[in-house]
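**Q** Questions regarding the structure given below will be posed in turn.
The values are calculated or read from the model by the stated rules, or taken from the named source; none is laboratory data. Note that the structure is a prediction, hence the values are computed from the model and not measured. Here the Cβ is made from the backbone with ideal geometry for all residues, glycine too, and neighbour counts use every protein chain on show. The protein model used for the area step is the full one, side chains on, heavy atoms only, and it has no ligands, DNA or RNA in it. Shrake-Rupley method; radii C 1.70, N 1.55, O 1.52, S 1.80 Å.
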Amino acid sequence: MSNLREDKLQQHQELSYDIQSIVQALFDKKIIIISVTLIFSLCAVVYSLSLPNTYKSNALLKVASEDSSSNSSLLSQYSGVASIAGISLPSASSDSKSNMAIAILKSRSFLAHLRKIDESIAPALIAAKAYDPKSKKIIYDENSYNSQSKKWVRKPNYPFKTIPSDLELYEQYSKQVFSAEIEKESGYIKLSVEHISPTFTESFLRQIINELNNISRLDDMNSSNNALKYLYSEASRTSIASIDFSISKLIESQLQKQMMAQISEEYLLKIIDKPFLPELKSGPNRKAICIMAFLAGIILSSLYSIAIFIYKKENPNKYN
């Protein structure tokens, strides 16, 4: 039994390598390590320089309905009567309004709406190649989009089409360009747009905010008009004083909603910090790319050198 233990201990000692031998092995392979690290670093430099600068514009907003406390109390007071009459009144919760706004902004249908009213959005998201700071215009990839004729000329692989679909546009919009979040402490909504064109980031973010307010305004106007038609019809039929008074209050609330929709440009979202024209780039982080490539080169080449050293030690007969 003791002989077996001694044999195992001897085998273990033969296969164990101290730090000094590993360092010596790395030193012997210093040419390979330096060469591989240098190649990785040079590739990272070339790659990072090939990436265009990106710019980000931010905006901070709050739910505009938070200021209409009197209207909110009126709606909550007569919501019971409204439900009996078959009318669904909007919730006064700012949290629900904020979540609804975020959901709309991140939806495919909202981006499709923006695309319909502004044809320059699709080329800016899909075919933008560079930005000319002198003319303040986007330089497009002419193999994809002809900026003179304003026509798509690309020949993509299946399942993509010559003219980008709404789904392809949305992939770029949701993953690379637009972001939205609700700040936990304040409850405010933070929106941002990132693109190679600083002028596009500002204009596109303004357009997003304006269109969301316009859509919300039109939706509420339509629902309010339908509600008023129903309420006027019910008011002409009833002769009970209490119900007639409640219906009058509901009519008043709907008229107040229409008034706010007509006079307020910031209907759903009120701007606290408006979109700005960025002056400094937000990316790419070229320094981080080069550092990561440098470390990757050192680690991979060192692991390779150690693996060769261990293999030679374990198979000495092959190298005699």
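**Q** Testing the spin-label approximation: label points 7 Å from Cα along Cα→Cβ at Ile251 and Gln24. State their distance in nm.
**A** Placing both labels 7 Å beyond Cα along the Cβ direction yields 10.1 nm.
**Q** Ranked highest first by the average count of other Cβ atoms within 10 Å around their residues, in what order do 188-194, 158-164 fall?
**A** Numbers: 188-194: 19.9, 158-164: 12.1.
Listed from highest to lowest mean packing, they are 188-194, 158-164.
**Q** Taking the square root of 5 times each eigenvalue of the Cα gyration tensor, what semi-axes in Å does the equivalent ellipsoid of the stretch 112-167 have, largest first?
**A** Equivalent ellipsoid of the stretch 112-167: 20, 15, 9 Å, largest first.
**Q** Evaluate the distance, in nm, between pseudo-label points positioned 7 Å from the Cα of Met292 and of Tyr232 along their respective Cα→Cβ axes.
**A** Distance between the two pseudo-spin positions: 6.2 nm.
**Q** Compute the distance in nm between two label points, each set 7 Å from the Cα along the Cα-to-Cβ direction, one at Asn214 and one at His113.
**A** Modelled inter-label distance: 1.0 nm.
**Q** For the peptides 134-146, 208-220, 52-64, what is the packing order when you average, over each peptide's residues, the other Cβ atoms within 10 Å and list the highest mean first?
**A** Numbers: 134-146: 14.5, 208-220: 17.8, 52-64: 19.4.
Result, highest mean Cβ count within 10 Å first: 52-64, 208-220, 134-146.
**Q** For Arg206, what accessible area in Å² do you get when you roll a 1.4 Å probe over the heavy atoms of the protein chains, rounding to the nearest 10?
**A** 90 Å²
**Q** OK, next. Provide the FRET efficiency to the nearest 0.05 for the Asn146-Glu314 pair, computing r from the beta carbons and using R0 = 45 Å.
**A** On the way: r = 63 Å, r/R0 = 1.39.
Computed FRET efficiency for Asn146 and Glu314: 0.10.
**Q** From largest accessible area down, sort Phe27, Phe200; use a 1.4 Å probe on the protein chains.
**A** On the way: Phe27 115, Phe200 20 Å².
Heavy-atom accessible area, descending, gives Phe27, Phe200.
**Q** Just for the Cα atoms in the stretch 94-138, what are the lengths along the principal axes, largest first, rounded to whole Å?
**A** Reported extents, whole Å, longest axis first: 43, 20, 15.
**Q** How much FRET efficiency would the formula 1/(1 + (r/R0)^6) give for Ser48 and Met221, where r is the Cβ-Cβ distance and R0 is 41 Å, rounded to 0.05?
**A** Numbers: r = 51 Å, r/R0 = 1.23.
After rounding to 0.05, the efficiency reads 0.20.
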